[in-house]
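Where a number appears in this text, it was derived from the coordinates with a stated rule and is not lab data. Remember, it's a predicted structure, so these values are computed and weren't measured experimentally. So basically every Cβ, Gly included, is an ideal-geometry build from the backbone, and we count neighbours across all protein chains shown.
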Amino acid sequence: MTALKGMFALALLIALMRYVPVYYNSSEYNEFVKQEAARNHSESLLRQTLLIQAREYSLPVQPSDINIDETDNVLRVTVDYTVPVNLFVVNRQLKFRAMGSALLPQNR
């Protein structure tokens, strides 16, 4: 019985070690997307900045995952990406969406 509890505790610890960093990095990246959208960069500079920061957070964001929309003087940035998590026995794909928006200057 003790060995079973130990194995369960070890499995739980491994799962936490795999999931917690992914959720933490995704949360931090979401805050970054919100801040960068508010800075009103050009579209190409914003896209490049988001890709660089995603690499810093070890998130597999591709250029095609970033959607930048400028409609009605509002800049909307949406980043949809999937992070694989290997739990040795099963591989999971966690889906995330980071979003940010800001008003565009009137003189654009």
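Using the average count of surrounding beta-carbon atoms within 10 Å as a protection proxy, the listed peptides 84-97, 18-31, 60-73 rank, highest first, as 18-31, 60-73, 84-97.
Going 7 Å from the Cα of R92 along its beta-carbon direction, which residues of the range 12-35 have the amide nitrogen within less than 16 Å of the resulting point? Counting only backbone N, you get 12-27. Length available on full extension from E31 to S44: 0.36 nm per residue minus the Cα-Cα distance, which gives 2.7 nm.
Taking Cα atoms only, the orientation of helix 2-38 departs from the longest principal axis of the chain by about 0 degrees. Close amide-amide hydrogen proximity is noted between V61 and no other residue 5 or more places distant or on a separate chain, at a cut-off under 5 Å (H modeled in the peptide plane; Pro and chain starts excluded). Mean residue ellipticity, 222 nm, helices only, the chain: the sum of -39500 (n - 2.57) across DSSP H runs of n ≥ 4, divided by residue count and rounded to 500, is -17000 deg cm²/dmol.
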